[in-house]
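Written below as structure tokens is the structure these notes are about.
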Amino acid sequence: MVAPVSAASAAVTSGAIFNDPTVPAKQRVIADHIRSLIQGAAAGSSIRIAIYHFDDAAVASDIVAAKDRGVDVRMVMDYSTSTTGPATTVIQALGSRVTLCTKDAACIGSQGTPIMHNKFFLFSNTSGSTNVVVQSSANLNRSNTNSYWNNAVTMVGNTALYNGYLSYFNDLAAKAKNNDYYRTVSAGNTKAYFFPRAGTNESTDTIYNMLTDNVTCEGNTSTGTETGRTIIRIAMWYFSRDDIARRLRALADDKCWIEVVYTTMDAGSKGHLSGHDRIVLYQIDDGTYIVHSKYMLIEGTYAGQKDTKWVVTGSHNYTNAALRENDEAMVRIQSAPIHDQYRSNFWALRAAAS
């Protein structure tokens, strides 16, 4: 029998959490957070899970227990994970409520060699909190807890955001093939983005457009550098969209400060980001640990608003596949407290990097 995690008796709160693969006691904090939400789901409520890699027996046990007590649990899995023991357990228990994406492909993406790369969780009612969305970078398997640095952000009570994710989940479950699926949902201080997005150049690159259309480098008084310059911090498993790197260098020319912690970066992107006084690169790839998060922090002026703090996070790497081929989700959040949680994590990544 799988032991429960600490009871999720208190109302769920919005905010971010981060595992630390180098500290055993902190390796499973994201997985255990998901477990607590599943365990707290009320009978008659619904859980929706979209996951790329699933191999966590404890979470599987919680899912089966939730189904047995009357929770409507539905999952979308990438086909590649369907033969693990925990996945088989869930598939047998939930039956048709599990959707396996197309073999060697995605659920929606239909170009190239796509994967269903999502890692998000939706709870209609858990521990007394409604419309709970968890967007993570973490798959539910051993490597993502023990070797990979990951993040998860929980957003509570935002009905428009919840419904936007739910609509995307339903399209994933329907295997609605569409290489130009791209959708956005604006919901108060958040905006969600769902992929794949068709296109051939930077004009249809969501991250490039964020940086080009919205970031201003000077004029802050209470955020950014001591001289009021906007700071952009990026933690990224794989960085190969050279247009983004080129735009970041242009922003550094405009006096923004740029820091990037990464695991893999292609030569073109590294060429744009190297050799600049206001860009610093850090790598985590020592043969044991990597950074698997995919987030960008903006502290300064964004969308014409000075002294603001923003987080852009999700399953979306800065790769062509994440933009053009894969099923992916990403969320932008304007929140000083959540930004500062991510900033603390970024500093920890930076300290762990070479």
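Observations on the structure shown:
- Residue count for the range 298-308 satisfying the condition of being in a strand (DSSP E or B), surrounded by fewer than 23 Cβ atoms within 10 Å (Cβ to Cβ) and touching a residue at least 40 places away in the same chain (Cβ under 8 Å): 4.
- Pair list, Cβ < 7 Å and 6+ apart or interchain, from the range 221-236 residues that are free of Cβ contacts under 8 Å to residues at least 24 places away in the same chain to residues that are outside any loop (DSSP other than H, G, I, E, B) and crowded, with 24+ Cβ neighbours inside 10 Å: none
- Residue within the range 319-327 that is touching a Cys at 6+ places or on another chain (Cβ under 7 Å) and either surrounded by fewer than 23 Cβ atoms within 10 Å (Cβ to Cβ) or closer than 25 Å to residue 134 by Cβ (or both) present: yes
- Residues of the range 169-203 that are without any contact (Cβ under 8 Å) to a residue 12 or more places away in the chain and not in a loop (DSSP other than H, G, I, E, B): 170, 184, 203.
- Test: residue in the range 250-260 that is in a loop (DSSP other than H, G, I, E, B), surrounded by fewer than 21 Cβ atoms within 10 Å (Cβ to Cβ) and in contact (Cβ under 8 Å) with a residue 12 or more places away in the chain: yes
- Filter result (without any contact (Cβ under 8 Å) to a residue 60 or more places away in the chain and either basic (Lys, Arg) or more than 24 Å from residue 193 (Cβ to Cβ) (or both)) within the range 269-284: 270, 271, 274, 275, 276, 277, 278, 279, 280, 281
- Some residue of the range 277-286 being of a type outside the set (Val, Ile, Thr), over 16 Å from residue 238 (Cβ atoms) and modelled with pLDDT under 95: yes
- Exclusive hit being of a type in the set (A, V, I, L, M, F, W, C), more than 28 Å from residue 316 (Cα to Cα) and not in a helix (DSSP H, G or I), set 50, 65, 43: 43
- For residue 274, the test of being polar (S, T, N, Q) and more than 21 Å from residue 150 (Cα to Cα) is passed.
The rows are residues; the columns are (1) part of a loop (DSSP other than H, G, I, E, B); (2) surrounded by 24 or more Cβ atoms within 10 Å (Cβ to Cβ); (3) assigned by TED's automatic domain parsing to the domain that holds residue 58.
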| position | (1), (2), (3) |
| --- | --- |
| 104 | yes, no, yes |
| 107 | yes, yes, yes |
| 123 | no, yes, yes |
| 132 | no, yes, yes |
| 135 | no, yes, yes |
| 145 | no, no, yes |
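- Residue count for the range 315-354, restricted to those that are part of a helix (DSSP H, G or I) and touching a helix residue (DSSP H, G or I) at 6+ places or on another chain (Cβ under 8 Å): 1
The values are calculated or read from the model by the stated rules, or taken from the named source; none is laboratory data. A quick note: this is a predicted structure, and the numbers were derived from the prediction, not measured. For neighbour counting, all protein chains shown are included, and Cβ atoms are generated from backbone atoms with ideal geometry for every residue, glycine included.
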